[in-house]
1. Go through (1) touching a helix residue (DSSP H, G or I) at 6+ places or on another chain (Cβ under 8 Å); (2) at negative phi and name the single condition A:D87 misses.
2. Could you figure out which of (1) within 7 Å of chain B (Cβ to nearest Cβ); (2) in contact (Cβ under 8 Å) with a residue 12 or more places away in the chain; (3) buried (at least 18 other Cβ atoms within 10 Å of the Cβ) isn't true of A:Y101?
3. Kindly provide the set of residues from segment B:340-366 that are touching a residue at least 12 places away in the same chain (Cβ under 8 Å) and exposed (fewer than 14 other Cβ atoms within 10 Å of the Cβ), ordered by number.
4. Here is a list: A:E146, A:E139. Which entry is more than 13 Å from every other protein chain (Cβ to nearest Cβ), charged (D, E, K, R) and over 22 Å from the mean Cα position of the chain (by Cα)?
5. Given the conditions (1) touching a Cys at 6+ places or on another chain (Cβ under 8 Å); (2) in a loop (DSSP other than H, G, I, E, B), and given that A:C187 satisfies all but one, which numbered condition is not satisfied?
6. Out of segment B:472-506, which residues are touching a residue at least 24 places away in the same chain (Cβ under 8 Å), surrounded by fewer than 18 Cβ atoms within 10 Å (Cβ to Cβ) and more than 20 Å from the chain's Cα centre (by Cα)?
7. Can you list the helices (runs of 4 or more DSSP H) lying wholly within segment B:291-392 that have 2 or more residues being more than 29 Å from B:H74 (Cα to Cα)?
8. Scan B:G481, B:G477, B:G470 and give me the residue that is in contact with a Gly (Cβ under 6 Å, 6 or more places away or on another chain) and of a type in the set (G, A, S).
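The values are calculated or read from the model by the stated rules, or taken from the named source; none is laboratory data. Quantities reported herein were computed from a predicted structural model and do not represent experimental measurements. Here the Cβ positions follow ideal geometry from the backbone for every residue, glycine too, while neighbour counts run over all protein chains shown.
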Amino acid sequence: MSEKKHEMNATPPKPDHGRRRVIIRTVGLKKHYDMKGVVTEALRGVDVEIYTGEFISVMGPSGSGKTTFFNMIGALDSPSAGRVFIDEVDAAQLTAEELAYLRCNKIGYIFQSYNLIQYMTALENVTTPMIFGGVLPDEARKRGMELLDLVGLGERWHHRPIEMSGGQQQRVAIARSLANQPSVLLCDEPTGNLDLATGQGILEVLQRLNEIKGVTVICATHDHRMLDICDRLMWIRDGRIQRIARRDELHIEVGAIGGETA
Amino acid sequence: MKPIQVADQPRLGLLRTTRITVDGIRYRLFRTSVTVAVIAMAVAFLMNILSESLMKRAVAHDTREQIARMHTVHDWAARLTRPGTPEEIIASLSRAEEHDAVYRETAAMAKLTPEAMAELHRSAREAADILRFFDDLDYARRRALIHAASGAGIFERLGTPTGFEQFKTALAGMKSVRFIMRLNDLTRFLSAWPKTLARIEQVRQGRAQAIRNVDAARGGRTILAALAETGGEFGQAVRDAGFAFDAQVTAPGVADRAQRILDQRRLEKSAESILMLQAIAQRRNVVPTDVTVAMMWGLLRGRRAATWYRGRLGQSIDTLKTENQKLARESEELKKNDEQIRKNNEQIKLNDEKTKENLHTIREKLVPASDLTPERMTELARHRNREAALARAERLTVGMGRGWMGLGERMGWLLFVSMLVCVIGISNAMLMSVTERFREIATMKCLGALDGFIMIMFVLESCFLGVVGGLIGAVLGSLIGLGRMLAAFGTTFMASVPVVDLLAAMIVAVGLGVVLAAVAAVYPSFKAARLAPMEAMRVE
């Protein structure tokens with residue numbers, strides 16, 4: 001691990017393209033849940049800007065509002081107060097059909113529990129978003145096979161989720177999330193249920209996607225290996241952003257993350 | 001703000017949606033089986049009722065003529081021997097139309113002018129309606145309205161001021177009962193009633209006179225014997241007396257039937273003699289006291305048995321004759337012995353009585369039946385069987401409703417309630433399905449599925465189940481209904497099964513199953529479509 005320590009500090013940050021634009025912006029984001037009179041405030045005002053081509057990790061203990069934050073920026077839920085702008089468009093103004101289009105074409109989702117459709121084969125799982133997006137079946141099948149090859153599951157395209165291991169299912173989920181070439185990937189604990197080796201493979205895929213294809217990746221995670229590949233880190237605690245920092249501004253040592261503390 | 005191009009968010013092709021739906025069903029086979037079973041039961045219930053009702057209607061239709069013909073002989077026998085009570089005259093007149101034979105016959109016999117006859121006909125119809133109204137009423141209400149009066153007595157009672165008052169008051173107090181005519185019309189009818197009654201009496205007299213004329217031609221014969229004659233003279237005498245007894249159609253049919261009844265009676269009498277009882281008992285392997293008339297008729301359905309029976313008749317006659325000869329010889333012997341004269345005389349008397357009894361049996365019971373050929377016996381047995389089935393059919397089809405597909409009003413209500421229960425059951429099953437699949441639905445929405453797609457998916461799935469359940473239920477219900485009906489009517493009515501009607505009813509039933517399933521799925525699928533995709537993000 002000590003070699004790792006040197007590597008972490010030695011890797012230079014990604015070149016900063018001067019004309020980066022904001023792909024997701026939140027302004028004063030607040031969310032509370034009202035359950036039979038008991039009000040739980042999940043987010044208490046979050047302002048953040050996420051740039052295209054970025055790899056940002058969101059960290060925080062459970063109950064900190066991480067998942068809620070993800071729901072907001074993924075257009076899966078609407079805030080109680082404040083606004084979310086996706087590509088400069090206020091998400092609250094969108095109709096149901098526009099939201100569906102958004103989720104289909106612009107944003108890809110990867111969940112900790114894979115969320116594959118159990119009665120469809122791997123290929124069918126991957127091609128479903130393409131079908132929703134209006135791709136013809138033959139074309140969809142071709143692209144689906146390519147994506148499965150990309151994640152290394154080319155021979156298992158006809159297997160159903162129940163016949164695959166966790167890692168393989170997660171890889172299928174990744175392939176699925178890339179189906180319509182989204183601009184943003186939202187990953188909720190992608191390596192949470194996986195063993196070390198498989199998790200490493202997943203991280204490599206994500207890194208490749210981010211560097212080569214320029215996909216914006218937003219990851220919620222506990223996995224410290226994510227630190228290797230991300231550009232920025234964000235800590236959320238008690239519904240507020242505790243800290244956002246670029247990786248090269250941090251001193252990372254085993255067991256602790258130093259640098260400026262909040 | 002840049003607008004988002006919704007481009008062509010496609011409506012998913014029906015084929016693909018179908019494939020996805022079918023895969024989904026295969027995956028959750030057990031629960032879908034439960035839903036299918038619910039639909040199948042509801043449709044089977046509907047189909048059962050429909051098939052029974054259709055079968056009854058078909059049988060009623062097919063047998064109407066035959067049943068009418070079955071009653072013809074008895075109707076004529078009654079008409080030619082009794083003038084009829086006022087109620088009977090009212091009933092027959094009300095059933096007749098102006099061009100009917102009965103109408104003209106009555107007018108001629110009662111010597112009524114056409115206008116008088118028309119008036120009588122109208123009054124008879126009104127009277128018949130009133131009588132039917134009171135017949136259909138339940139006992140409590142009837143008693144309140146007209147106390148214990150019945151038949152023509154009702155009109156007598158209503159004709160009195162107190163009777164009418166009581167009727168009016170009681171009727172006003174019954175909210176759910178509506179009299180068939182306005183009270184003004186009723187009053188008019190009642191004031192004309194004495195004249196009507198007088199005319200009815202005229203009809204009675206006329207008929208009585210005609211009957212007396214017929215009696216002369218009858219000679220000493222029973223009416224059935226007279227009707228059964230083949231010569232036609234009696235028929236002519238009946239026509240001369242004024243009855244509409246046409247020679248072409250009615251007379252021959254009646255003659256056949258009357259002859260058949262006479263012959264049947266002959267055979268039944270033969271089965272009363274002890275010798276024939278024993279013969280039948282032996283053949284059927286029972287005790288003689290257990291032998292019934294039905295047993296005899298059952299035997300005679302087969303030609304060989306009929307031949308055997310006739311043989312035994314002849315045998316029995318010979319046996320008794322032989323016994324008579326023996327008794328005669330014995331009596332002769334006894335007369336010669338002086339010592340035992342008193343005892344012998346008693347014995348002779350006994351012998352005489354036995355001889356007489358045997359002669360009586362031979363003459364009254366055995367010989368008439370032995371005139372019949374075995375073929376005739378078998379023919380009679382078959383006719384009797386058919387008539388028994390017809391009588392049973394008549395009884396069973398009496399309570400038939402006149403509505404759509406032969407259903408009555410109450411049945412419609414019952415069906416509605418059962419359909420409602422079915423819808424609720426399916427709704428419940430579908431709601432469970434939605435709840436179990438919320439993850440899947442949320443995932444689909446994350447991938448870009450439109451709300452409408454989710455709804456279509458669920459409704460389509462429900463429709464599939466509706467088709468399958470409907471088919472199973474329709475077949476099952478028809479089989480059960482038909483089975484029960486054939487068991488009740490007897491297999492002789494197999495030919496009456498209304499196949500085309502049943503198929504139509506099955507299509508309707510399956511269609512109903514699909515509609516029910518679709519309707520039941522609307523609310524759950526609506527709820528499903530509205531599920532927020534954020535459910536998918538929740539970590540277990």
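1. Condition (2) is where A:D87 drops out.
2. If we test A:Y101 against (1) within 7 Å of chain B (Cβ to nearest Cβ); (2) in contact (Cβ under 8 Å) with a residue 12 or more places away in the chain; (3) buried (at least 18 other Cβ atoms within 10 Å of the Cβ), just (2) comes out false.
3. To start, the set of residues in segment B:340-366 that are touching a residue at least 12 places away in the same chain (Cβ under 8 Å) comprises B:347-348, B:351-352, B:354-355, B:358-359, B:361-362, B:364-366.
Of everything in segment B:340-366, those that are touching a residue at least 12 places away in the same chain (Cβ under 8 Å) and exposed (fewer than 14 other Cβ atoms within 10 Å of the Cβ) turn out to be B:D352, B:L359.
4. Numbers: A:E146 fails: over 22 Å from the mean Cα position of the chain (by Cα).
A:E139 is the lone residue from the list that is more than 13 Å from every other protein chain (Cβ to nearest Cβ), charged (D, E, K, R) and over 22 Å from the mean Cα position of the chain (by Cα).
5. (2)
6. If the condition is that a residue be touching a residue at least 24 places away in the same chain (Cβ under 8 Å), surrounded by fewer than 18 Cβ atoms within 10 Å (Cβ to Cβ) and more than 20 Å from the chain's Cα centre (by Cα), then B:V475, B:L476 are the ones that fit.
7. Working: elements: B:293-300, B:303-336, B:341-360, B:367-370.
Those helices (runs of 4 or more DSSP H) span B:303-336, B:341-360.
8. Numbers: B:G481 fails: in contact with a Gly (Cβ under 6 Å, 6 or more places away or on another chain); B:G477 fails: in contact with a Gly (Cβ under 6 Å, 6 or more places away or on another chain).
Answer to the selection: B:G470.
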